[in-house]
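Heads up: the structure comes next, in structure tokens.
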Amino acid sequence: MVQLKKKGMFFLTALLFLSLWSPGALLAANEPVFSMKATNRESKVIIEVKGQQLKDLYAYQFNLAYDAKHMRFIEADSPIQGFTVDPIVKEGDILFAHSKVGTAKGTKGDAILATLTFERITGSPAAFTLHDIKLVDSALEMAELTTKVIVSSGLKFKDIAGHWAEASILKASERGFVAGYSDGTFRPQRQVTRAEFVAMLVRALELQVPTAPQLEFADHDSIPAWARGYIAAGIEAGIIEGYADGTFQAGKLISRAEMASMIVRSEGVAPSSGGKPSFADTDDIPAWAQPYVAVAAERGWIKGVGDNRFAPLKHATRAEAAHLILTLRP
């Protein structure tokens, strides 16, 4: 990192022009060409911004738009010698600026201008758009490139082809309320915990998630840190509650009866007391859950498992959870 006192007036002037500059001359024929490449590295996505046909590039600035529902920005840097301004991140858009120092000559030919690292929030593909590119040469002549460059991270789950819920999983992933794993799988048959289902539902409903949640369950310490905000949001919305012994049991596999009650509450429906569904195994459904199952079945939010059975104590899979939530938010 170059110290401020060593940057020189030339560098400061270049950055000042970038910050104050308004659109003026556009690049003509043989203008520089910009491209992006996305590389997946486990839960990270590395975006490489490259310039080609550069003639005398001393300083540059660009914006990179991304979907903040799917990606979280981590850091950015440039391999070109000089100084990188701390990126400004606002509402899914990053302003990146870099300049050489002193009286150095501008970069010519092809060069990597920046690498930006993101962390996946969900397992879905995400698009990145490079726009508002501004260039300064060593004589402090400026130009703007109007072309937009779009690249996708291109992640696809490798274990859902032909699965009955394939379309629902992909759509739920695009919506950002379900995520895959770092190995590129979704694991559709894996069973869902109470904490996991609550997180999916809260994301789908786009509820406000507190950054410093206060939970008063007896088993608070066993609730994963990542899940506490979602659970707090679910409680605030009246979607979930704990057990009679004061615990939440975040790691307990969620039953179909519990799942039905949560989706009915999430829609703000208050079932009539004494309501009963018409499944062959209705007597196996806990009494407290029968009114919720009745409403969910009547409105088509949840179905049986065959032979007119509901299987209330059966544990739900990730595929079932994604498909069910999509019936609420198609």
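Each reported figure results from applying straightforward, stated rules to the coordinates on display, with no laboratory input. As the structure is a prediction and not an experimental result, all values here were calculated from the model. Using ideal geometry, Cβ is built from the backbone for each residue, glycine included, and neighbour counts are taken over all protein chains shown.
Amide H contacts of residue 58: 107, 136, 137, 138, each under 5 Å away and 5 or more positions distant or on a separate chain (H built 1.01 Å from N in the peptide plane; Pro and chain starts excluded).
Cβ crowding within 10 Å, taken as a proxy for footprinting-reagent exposure, orders 219, 110, 86, 67 from fewest neighbours to most as 86, 110, 219, 67. By the count of other C-beta atoms within 10 Å, a proxy for reagent exposure, 313, 207, 116, 324 are ordered fewest to most as 313, 207, 116, 324.
Of the GluC sites (Glu not before Pro) in region 254-330, which ones lie in a loop per DSSP and count no more than 15 other C-beta atoms within 10 Å?
Taking region 254-330 and a limit of 15 other Cβ atoms within 10 Å, the loop GluC sites (Glu not before Pro) found are 267.
Dipole magnitude for the chain: computed about the Cα centre from +1 point charges on Lys and Arg Cβ and -1 point charges on Asp and Glu Cβ, it is near 700 debye.
Rounded to the nearest 500, what is the chain's calculated 222 nm mean residue ellipticity when only DSSP H runs of at least 4 contribute -39500 (n - 2.57) each, over all residues? Result for the chain: -7000 deg cm²/dmol, rounded to the nearest 500.
Maximal additional length on extending the residue 303-residue 218 stretch stands at 27.2 nm, based on 0.36 nm per residue less the C-alpha distance. Computed from backbone phi, the HN-Hα couplings of region 309-324 come to 10, 9, 6, x, 9, 5, 7, 7, 9, 4, 5, 5, 4, 4, 5, 4 Hz, rounded to whole numbers (Karplus: 6.51 cos²θ - 1.76 cosθ + 1.60, θ = phi - 60°; Gly and Pro given as x).
Taking other C-beta atoms within 10 Å as the exposure proxy, 168, 43 rank 43, 168 from fewest upward.
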